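As structure tokens, the structure follows; a few thoughts come after it.
Coordinate-derived values only; no laboratory data. The shown structure was predicted, so the numbers you read here are calculated from the model rather than taken from an experiment. For neighbour counting, all protein chains shown are included, and Cβ atoms are generated from backbone atoms with ideal geometry for every residue, glycine included.
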Amino acid sequence: MIVRKGDPRTLREAHEVVMDRRPPKDANPSVWLAFRLGNARLYKAVADVDRGHHHEALYWAGYEERKAGEISANLQAEGTPAD
């Protein structure tokens, strides 16, 4: 995975980015789905460059993927497309 200049390079920086872009609690589920999927990609990228926190970053990537899966399942159960 390629990390561009200006992208977070540490797990701490990734957490800060995630908190800064967190949607409001009442945001549309599709917004939350995009947020979770973006977080998973971010944590995977950080796992490649912050080797001291590699496994922890991969944990967070998996966590975000699981949350995205839950949102997607709920959207499908409601008959709402998961854009």
With the contact rule set at Cα under 8 Å and sequence spacing of 6 or more, what percent relative contact order holds for the chain?
-> 32 percent
Check: the chain dipole with +1 on Lys, Arg Cβ and -1 on Asp, Glu Cβ, in debye | 220 debye
For segment 1-61, with the dipole built from +1 on Lys and Arg beta-carbon atoms and -1 on Asp and Glu ones, taken about the Cα centre, which of 30, 8, 19 lies farthest toward the positive end?
-> 30
Say a site is exposed when it is one of the trypsin sites (Lys or Arg not before Pro), sits in a DSSP loop, and has at most 11 other Cβ atoms within 10 Å; what is then the longest site-free stretch of the chain?
-> 26-83
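Summing -39500 (n - 2.57) over the DSSP H runs of n ≥ 4 in the chain and dividing by its residue number, what mean residue ellipticity at 222 nm do you reach, to the nearest 500 deg cm²/dmol?
Rounded to the nearest 500, the figure is -23000 deg cm²/dmol.
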Labelled set [x] 41, 21, 19; [y] 58, 37, 18; [z] 80, 26, 18; Cα extents along the principal axes in Å computed from this model equals the value at [x]
Dipole of the chain, positive end: most advanced residue of 46, 79, 62 [Cβ charges, Cα centre] | 46
